[in-house]
1. Pop out the ³J(HN,Hα) list for segment 228-244 in order, Karplus 6.51 cos²θ - 1.76 cosθ + 1.60 with θ = phi - 60°, rounded to Hz; leave Gly and Pro as x.
2. So for R37, R164, fewest C-beta neighbours within 10 Å to most, what's the order?
3. For every helix of n ≥ 4 consecutive DSSP H residues, a contribution of -39,500 (n - 2.57) applies; sum these over the chain, divide by its total residues, and give [θ] at 222 nm rounded to the nearest 500 deg cm²/dmol.
4. If neighbour count is taken as other Cβ atoms inside 10 Å, put F14, F181, F311 in order from fewest to most.
5. Only Cα pairs under 8 Å and at least 6 apart count here; give the relative contact order of the chain as a rounded whole percent.
6. By the gyration tensor of its Cα atoms, with a ≥ b ≥ c the square roots of the eigenvalues, what is the shape of segment 57-106: rounded for a/c under 1.5, prolate for a/b over b/c, or oblate?
7. Shape of segment 2-228 from its Cα gyration tensor (a ≥ b ≥ c, root eigenvalues): rounded if a/c is under 1.5, otherwise prolate when a/b > b/c, or oblate?
8. Using unit Cβ charges (K, R positive; D, E negative) and no other charged atoms, how large, in debye to the nearest 20, is the dipole of segment 190-347 about its Cα centre?
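Just so it is clear, none of the values below were taken in a lab; they were calculated from the coordinates. Given the structure is predicted, the values throughout are model-derived calculations rather than measurements. When we count neighbours, we look across all protein chains shown, and the Cβ atoms used for this are built from the backbone with ideal geometry, even at glycine.
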Amino acid sequence: MARKYGNELSTYQFPPGNPELRRQIARRMVEAGCQTRPDDIIITSGCQEALTLCLQTIANPGDIIAIESPAFYGLLQAIEVLGMKALEIPTDPKTGISLAALSLALEKWPVKVCALVPNVSNPLGCTLPDENKQALVDLLAQSDIPLIEDDIYGDLGFDARRPRAVSAFSSEQQVLYCSSFSKSLSPGLGIGWVRPGKYREKIAYRKYVTNLATPTLPQYAIADFLRQGGYDRYLRQVRHDYQRQVSIMTRAVGKYFPQETRVTQPQGGFVIWIELPEKVDSLQLCQQALAQRISIAPGPIFSASRKYRNFIRLNCAQPWSETLEKAMITLGRMVHELNNRDNKDRQ
Ligand SMILES: Cc1ncc(COP(=O)(O)O)c(C=O)c1O
């Protein structure tokens, strides 16, 4: 693209961003069930920026944001930095956020906005069934509460048919849809987007004030990749690879970790969420693992109230290898040791 466009790429591409990229994204969003015009979309520097812009625009410091539990730590950090409060709603590893619990929470608390990852959540890997998506939209509409929908993993579902976005079940005014190419293509490209509905003007201006524009070259490159069909071909391959890697990693947990260990069966993506025996402290495990150059995500970082002390999230995005197998053996040994240590101490 640099050779083809030369100087054109050295200028700012001010919000809403590259028109061809927005056209291609709008076309793709149809697969998620969302009828979108390119002009409805604003390009952002990744999904994290999209989420932060939405939170800043529709909520104020002190406001309550209802989220899944466990939830993506980047969302928790954004809520914390913006001085807002996270209200954790129990979430089922198969069917997603509990609508009964959310309904009770809405009765009890003045929730300002709900921020969820309804398709292939992080870290649980669960997807809300379509009937729950509709029920969620109805529930939030009753109290006039907007939804920030993070659909970053939507393209990585393991089913043949892409899961529909919650946005497909609602009016454009109720849901602010956020996503990026960070999980499907590459985080280093730093390209995301938001379809902010009625907040379009406010969010475009806030985006401009935050960093003027998202870098131009990756916008051109991704637009071209999408237009030529490379993205669809790549997705078909990578979804298949991730599903295989998730299943190999899950088998390794079964083989090397204590018997009581429980593992999620994600409906897409590339992470698994593991419940270790109650005695195992995942923060301690994380330190020990890091010393052996093994990186894991400890459970408490996925909770605003530091829950999930004996949980970890493992990333399965790397192709299975001897090095990974050795790492799993080492990790399993550490978990066994931490699990047995208390027993020994008591004797
Ligand atoms: C659920 C979820 N949302 C948002 C992000 C951030 O995305 P980006 O790298 O595009 O800013 C991540 C990254 O891990 C994520 O898992």
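1. 8, x, x, 5, 4, 4, 4, 4, 4, 5, 6, 4, 5, 4, 5, 4, 5
2. Lowest to highest Cβ neighbour count: R37, R164.
3. Result for the chain: -13500 deg cm²/dmol, rounded to the nearest 500.
4. Result, fewest neighbours first: F14, F311, F181.
5. 19
6. oblate
7. It is prolate, given that a/c is not under 1.5 and a/b is the larger ratio.
8. Dipole about the Cα centre, nearest 20: 520 debye.
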